[in-house]
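J.: My questions all concern the structure below.
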Amino acid sequence: QVQLVESGGGSGQVGGSLRLSCAASGYTVSVGCMGWFRQAPGKEREGVAFIERYSQTRYADSVKGRFAISKDNVKNTLYLQMNSLKAEDSAMYYCAVDARSRCYLLIPARFDYWGQGTQVTVSS
C-alpha cells in the first residue's frame with residue numbers, strides 16, 4: 001500500500017526557511033506526479049508545487065521564486081524547500097501523489113494518495 005509521511009514542519013520566522021520532507025513507501029517517486037498542497041483554517045486546499053518523472057516542476061504564483069520542490073530517487077523522498085517565508089505561508093502542508101505519468105490537473109481531486117500533513121507556522 002502507498003504511504004506518504006511528511007516531516008520537517010514546525011515554527012518558522014518571517015524571512016526564514018524550512019524544508020519539508022515526504023518519505024514514500026509502496027510508491028516510487030521517480031514515477032508519476034508528486035506535489036505539495038497546503039490548507040489554512042477556513043480556506044480551500046491549494047496546490048503549492050509539483051514535480052513529475054523527469055523533474056519538471058510547476059509552482060503556484062504565490063510561492064514562485066521562494067519555494068523549490070525536488071526529489072531524491074535513491075531515498076524515495078520528496079522535498080519542499082521553503083525560503084523567504086511569509087506569515088501567509090502558515091498552513092497544514094500535505095504531500096500527494098497523482099499516479100499518472102504527468103502532472104496535468106493540479107487539483108486535490110486528481111491526486112490518489114495523501115500524507116497525514118505537517119503543520120507550518122510562520123511568525124514574526
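The values are calculated or read from the model by the stated rules, or taken from the named source; none is laboratory data. Since we're looking at a predicted model, the values are computed, not measured. All Cβ positions, glycine included, derive from the backbone under ideal geometry; neighbour counts span all protein chains shown. When the accessible area is computed, the model is the full protein with side chains, heavy atoms only, and any ligands, DNA or RNA have been set aside. Shrake-Rupley method; radii C 1.70, N 1.55, O 1.52, S 1.80 Å.
J.: If we only count strands (runs of 3 or more DSSP E) wholly inside segment 54-117, which ones have 1 or more residues that are among the acidic types (Asp, Glu) and on the phi < 0 side of the Ramachandran plot?
T.: Details: elements: 57-59, 67-72, 77-82, 91-98.
Those strands (runs of 3 or more DSSP E) span 67-72, 91-98.
J.: Here's a follow-up. Out of all the residues in segment 97-120, which are touching a residue at least 40 places away in the same chain (Cβ under 8 Å) and open to solvent by 60 Å² or more (accessible area, probe 1.4 Å)?
T.: Pass one, segment 97-120, residues touching a residue at least 40 places away in the same chain (Cβ under 8 Å): 97-104, 106-108, 111-120.
Residues satisfying the conditions are Arg100, Ser101, Arg102, Tyr104, Ile107, Asp112, Tyr113, Trp114, Gln116, Gln119.
J.: Is it the case that some residue within segment 86-101 is charged (D, E, K, R) and under 11 Å from Cys33 (Cα atoms)?
T.: Yes; the residues of segment 86-101 include at least one that is charged (D, E, K, R) and under 11 Å from Cys33 (Cα atoms).
J.: While we're here: Return a yes/no flag: does segment 33-42 have any residue that is in a loop (DSSP other than H, G, I, E, B) and surrounded by fewer than 13 Cβ atoms within 10 Å (Cβ to Cβ).
T.: Among the residues of segment 33-42, at least one is in a loop (DSSP other than H, G, I, E, B) and surrounded by fewer than 13 Cβ atoms within 10 Å (Cβ to Cβ), which makes the answer yes.
J.: Taking the stated definitions as given, is Glu6 open to solvent by 60 Å² or more (accessible area, probe 1.4 Å) and closer than 20 Å to Val120 by Cβ? Step through it out loud before you land on a result.
T.: Values: open to solvent by 60 Å² or more (accessible area, probe 1.4 Å): no; closer than 20 Å to Val120 by Cβ: yes.
So Glu6 does not fit the description; no.
J.: Right, another one. For residues that are closer than 18 Å to Val120 by Cα and either without any contact (Cβ under 8 Å) to a residue 60 or more places away in the chain or in contact with a helix residue (DSSP H, G or I) (Cβ under 7 Å, 6 or more places away or on another chain) (or both), tally how many sit in segment 40-58.
T.: 9
J.: Let me ask something additional. Could you count how many residues in segment 77-96 are open to solvent by 30 Å² or more (accessible area, probe 1.4 Å) and either among the acidic types (Asp, Glu) or modelled with pLDDT under 95 (or both)?
T.: Matching residues across segment 77-96 total 1.
J.: Let me ask you something else. Can you find a residue that is loosely packed, with under 13 Cβ neighbours inside 10 Å, over 10 Å from the mean Cα position of the chain (by Cα) and among the polar types (S, T, N, Q) anywhere in segment 53-68?
T.: First, the residues of segment 53-68 that are loosely packed, with under 13 Cβ neighbours inside 10 Å: 54-56, 61, 64-65.
Subset that is over 10 Å from the mean Cα position of the chain (by Cα): 54-56, 61, 64-65.
In the following step, the residues that additionally are among the polar types (S, T, N, Q) were identified as 55-56.
Looking through segment 53-68, at least one residue is loosely packed, with under 13 Cβ neighbours inside 10 Å, over 10 Å from the mean Cα position of the chain (by Cα) and among the polar types (S, T, N, Q).
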